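Since the structure comes first, as structure tokens, the remarks are kept for the end.
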Amino acid sequence: MKAEGNTTIEDEVAKILIKNKLTISTAESCTGGLLAGRLINYPGISSVFLEGAVTYSNEAKIKRLGVKKETLDRYDAVSAETAAEMAEGIAKSAGTHIGLSTTGIAGPGGGTEERPVGLVYLGLYINGEVKTKELNLSGNRQKVREAAVIKSLDWLRRELIGK
């Protein structure tokens, strides 16, 4: 996805992060590392991107990110509550200003009427404040994963520029 002119969304985000010396880490489930990979496309991102974790299983979310077992039991792995704990957990463990997380149902299976394929939650932790966003995406597994990455980067960009 192009942002403005010939730059990509990850270029725009990376420039803002670097200019403002804001460090970032990512915690991914359904996107499986695509988010970190997009950020790493930008040369020089190593000055602000400290780490990314793919925490696909509930056990990994608990062990690596500190997501509470009670949260997973009560709300499920695909929930705003889990996304929030993932974002805060990665930011705190990595020591970054920002933590960005993704968790969802990419398909083709795993969805229900209440929780359909394409349901994705994003978590964003910035200097002590946690926000979440619910997405209802469509397409095949790869399209859902790629759309979740683009939406998360665009959301982060908008938060950083105050829109």
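Since every read-out is calculated from the coordinates, none of them should be taken as a lab result. Source: prediction; values computed, not measured. Positions of Cβ are generated from backbone atoms using ideal geometry, with glycine treated the same way; all protein chains shown enter the neighbour counts.
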For this session: Report, to the nearest 10°, how far helix 9-19 tilts away from the longest principal axis of the Cα atoms in the chain, using its own Cα long axis and a range of 0 to 90°.
Result: 60
Problem set entry | Amide hydrogen neighbours beyond the local backbone of residue 53, cut-off 5 Å, H modeled | 26, 27, 28
For this session: Using the structure shown, select from 92/131; 69/131; 68/133; 15/63 the pairs with a Cα to Cα distance greater than 24 angstrom.
Result: 15/63
Exercise. Excluding same-chain residues fewer than 8 positions from residue 143, which lysines have a Cα within less than 16 Å of its Cα?
Worked result: 151
Seminar exercise, completed: Using alpha-carbon positions, the gyration tensor of the stretch 1-122 gives root eigenvalues a ≥ b ≥ c; with a/c under 1.5 called rounded, otherwise prolate if a/b exceeds b/c, else oblate, the class is oblate
Seminar exercise, completed: the chain, Gaussian network, Cα under 10 Å: of 59, 12, 114, the residue fluctuating most is 114
For this session: Taking the chain as the reference, fit the longest principal axis to its C-alpha atoms, fit the long axis of helix 80-94 to the helix C-alpha atoms, and give the angle between the two in degrees, 0 to 90, nearest 10.
Result: 50
Seminar exercise, completed: For the stretch 22-35, in residue order, the Karplus 3J(HN,Hα) values (coefficients 6.51, -1.76, 1.60; θ = phi - 60°; whole Hz; Gly and Pro = x) are 9, 7, 9, 9, 10, 10, 10, 10, 5, 7, x, x, 4, 5
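So what is the relative contact order of the stretch 16-65, in percent, for Cα pairs below 8 Å that sit 6 or more residues apart?
Numbers: 53 pairs, mean separation 22.3, N = 50.
Relative CO of the stretch 16-65 lands at 45 percent.
By the scheme Lys and Arg +1, Asp and Glu -1, what is the net charge of all other residues having a beta-carbon under 14 Å from that of residue 24? Let's see the in-between values first.
On the way: positive: 15, 19, 21, 38, 92, 157; negative: 10, 12, 28, 51, 88, 159.
So the surrounding residues net to 0.
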Exercise. Could you state the number of Å between the C-alpha centres of the stretch 1-60 and the stretch 115-149?
Worked result: 15
Seminar exercise, completed: Computed over the chain: longest principal axis from alpha-carbon atoms vs helix 141-161 long axis, angle to nearest 10 degrees, is 50
For this session: Would you please give the residues with an amide H less than 5 Å from that of residue 8, counting only those at least 5 places away or on a separate chain, with H modeled from the backbone geometry?
Result: 3
